[in-house]
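So the structure is just underneath, and the comments pick up after that.
None of the figures in this text is laboratory data; all of them are computed from the coordinates on show. What you see is a predicted model, and the numbers here were worked out from it, not measured in a lab. FYI the Cβ positions are ideal-geometry reconstructions off the backbone, even for glycines, and counts take in every protein chain you see.
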C-alpha cells in the first residue's frame with residue numbers, strides 16, 4: 001500500500017526510531033478512518049477510543065489535545081485519504097518494563113482512499129473461519145497494536161471467495177469479522193457479541209448501538225453462537241471505512257430479510273456523508 | 001535502555017520504515033540472548049526458535065542463512081552485549097493482509113550487558129500476580145512481537161518487591177513468569193507447564209528439558225495449578241539471560257529444597273560459560 005505521508009507528533013517524518021516500543025512489543029493503540037473533503041467521520045469517537053485504549057494500557061498522554069490540533073492540520077493537508085492514527089508508549093525502557101520518563105509517540109498516516117465494490121453495500125455472502133480468537137479479558141475490546149490474530153485470520157479469509165467472514169473465539173462464541181464488527185437482527189431486536197473477552201470495540205459498532213437507541217430500536221450485547229447467526233432474521237458487518245455490509249447468506253443458508261439493515265444503512269448515509 | 005547498534009539485513013541503520021508491519025501489527029518474532037567474548041550461548045536454539053516462529057506465522061525467510069552469516073559479523077563487532085534479533089514480515093500490504101511480495105526484515109540490536117544481583121542465583125522469593133494471560137492456541141508458544149500482556153504484567157511486577165513472579169492463565173493454570181519459564185521439582189521429577197494454550201516456549205526451558213534427559217532426570221510438561229507450586233519440593237525460574245533463579249518461598253510458603261535446582265545450575269555453569 002502506498003503511503004502519502006507520515007507525521008510524528010505533528011511533524012512529517014520519513015523514518016522512525018528502532019527503539020520504538022510499538023515495534024518491540026506492539027505497545028500502543030491505533031485507529032483507521034475515512035477522510036473525505038477534509039472531514040473525518042466520527043472523529044470524536046476515534047479520539048475517545050484512542051484515549052480509552054491508552055488508559056487501559058496505562059500509557060500517559062499529556063499531549064492529547066496538541067495531537068488533536070495537529071490532526072486538524074493533517075486533514076487540511078490530506079483532505080482525501082484513509083487516515084490511520086497510532087499512539088505508542090514511546091521508546092526504550094528496561095525490557096518489558098516501560099521507562100517512566102518515556103514520552104508517548106503519536107503517528108498520523110495518510111493512505112490512498114480504500115475502495116470496495118459497491119455491490120458489497122447491497123449484500124455479501126459469508127461463512128465462519130476455522131481460526132479462532134483467543135480469550136483475553138486484559139486486552140479485549142482495545143484496538144491495540146497486537147494484531148497477529150487478525151493477520152493470520154486475514155490470510156485464511158484470502159483463501160475464500162468472501163469479502164469478510166465470521167470469527168469465533170476458542171470457546172465457540174461468535175465475536176466479530178476479521179476487520180469488522182457484526183450484528184444480527186432477531187425479532188426486530190439488534191444484537192451484537194460482547195467484546196470483553198475477545199474482539200475489538202469498533203467505532204462503527206458503538207455508533208450503530210447509539211443510532212439504534214435514537215431510532216427506538218432495542219439493541220444490546222449478547223453471547224451469540226453460530227446457530228444464532230444461521231437462525232437470524234438479518235446479519236450485517238460494519239466498520240468505520242465501509243459502513244455496513246448486509247449478509248445475504250452464511251455457509252449457504254439464506255437469510256430472510258435485510259429491512260432493518262437497509263434502514264440503518266440509509267440513516268448512516270444521511271448522517272455520515274462518506275458511506 | 002541505551003542502544004549500542006542496530007543493523008537491518010546486515011547493515012547498520014539509525015532509523016526504520018514507518019510501514020514496518022512489526023509496528024503496525026506486531027507482525028514478527030524476536031529473541032534475546034547473552035553474548036560474552038563474542039559468543040552467544042545456545043545460538044543454534046535461538047535461530048531454530050526464530051525459524052519455527054516464522055513458519056507458524058507463515059513469514060517467508062529465504063534469507064535465513066544470510067542473516068546467520070550477518071550475525072556472526074555482528075558478534076565480532078559487539079562481543080559483550082545483550083543481543084536481540086527481530087524478524088518481521090516486512091512492509092506494507094493491504095491492511096492486515098500481507099503483501100505477497102513483501103521481503104522480511106531482520107534486525108539485530110546490541111544493548112549493554114544486563115546485570116542482575118548475584119544473590120538471585122542463590123534464592124529469590126516470589127508470589128502469584130493478579131493479571132492473567134489469555135488463552136490463544138493460534139499464537140501460544142511463539143516468541144512473537146505481540147507482547148502487551150507482558151508489558152502490563154511487568155508493570156504489576158514492578159509494584160512488588162519480587163524480581164520475578166508467577167503468572168496464571170484465565171483458566172487458573174500456572175503458565176510462566178513475566179519474562180521467564182518456570183519448573184517445579186516433585187518426587188525427583190522435573191515438571192514445567194505446557195505452553196500450547198498460553199505462554200512462550202523459552203530457549204532455556206528447552207535446553208533444561210534436554211539437559212535433564214541427558215542427566216537421567218525424568219522431566220515432562222504437565223498442567224500445573226498454584227497448589228502444585230505451593231506443595232512442590234523445589235521451584236525455579238529460567239531464561240536465556242540469567243540462567244536459573246531458585247525460589248526459596250512463594251507467597252510466604254517456604255520450599256523445602258533446592259538440591260536438584262543447584263545441580264542444574266552447576267551443569268549450566270559448566271556447559272554455558274556465561275551463566
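Assorted remarks:
- Ascending list, in nanometres, of distances separating the residue B:223 label from those of the other copies (7 Å, Cα toward Cβ): 1.9
- Binning the alpha carbon pair distances of chain A at 10 angstrom intervals from zero yields the distribution 6, 28, 35, 23, 8, 1, expressed in whole percent.
- Counted residue by residue at 0.36 nm each, then reduced by the alpha carbon distance between them, the extension gain from residue A:263 to residue A:213 reaches 16.6 nm.
- With only Cα atoms counted, region B:231-275 has Rg and Dmax values of 11.3, 33 Å.
- Unit Cα scatterers, Debye sum, region B:80-174: log10 I(q)/I(0) for q = 0.12, 0.15, 0.18 Å⁻¹: -0.63, -0.90, -1.10
- Spin-label model distance (nm) - residue B:222 vs residue A:48, 7 Å beyond Cα toward Cβ: 5.2
- Averaged over B:87-95, number of beta-carbon atoms from partner chains that fall within 10 Å: 3
- Helix axis angle, B:43-56 relative to chain B longest principal axis, alpha carbon, degrees: 70
- The residue A:273 and residue B:99 beta-carbon pair, evaluated with R₀ = 35 Å, returns a calculated FRET efficiency of approximately 0.65.
- With both residues required to sit in the protein assembly as shown, DSSP beta bridges show an antiparallel share near 85%.
- The other copies place their residue A:130 label points at 4.1 nm from this one, listed shortest first, where each point is 7 Å from Cα along Cα→Cβ.
- Using a 7 Å Cα-to-Cβ projection, residue B:5 label spacings across copies, nm, ascending: 3.8
- Rounded, prolate or oblate (a/c below 1.5 giving rounded, otherwise prolate when a/b exceeds b/c) for region B:5-111 by Cα gyration tensor: prolate
- Contact order normalised by residue count of chain A, Cα under 8 Å, 6+ apart, percent: 18
- Distance cut-off 17 Å, percentage of C-alpha pairs in region B:187-275 lying past it: 49
- For region A:119-271, the Cα-based Rg and Dmax, in that order, read 14.3, 40 Å.
- Comparing mean-square fluctuations of A:28, A:202, A:92 from a GNM of chain A with C-alpha springs under 10 Å, the top value falls on A:92.
- Between 0 and 90 degrees, the angle of helix A:203-214 with respect to the longest Cα principal axis of chain A falls at about 50 degrees.
- Rounded to the nearest 10 degrees, the inclination of helix B:148-158 to the longest alpha-carbon principal axis of chain B is 50 degrees.
- Computed over the protein assembly as shown, Cα set: Rg, Dmax in Å: 24.6, 74
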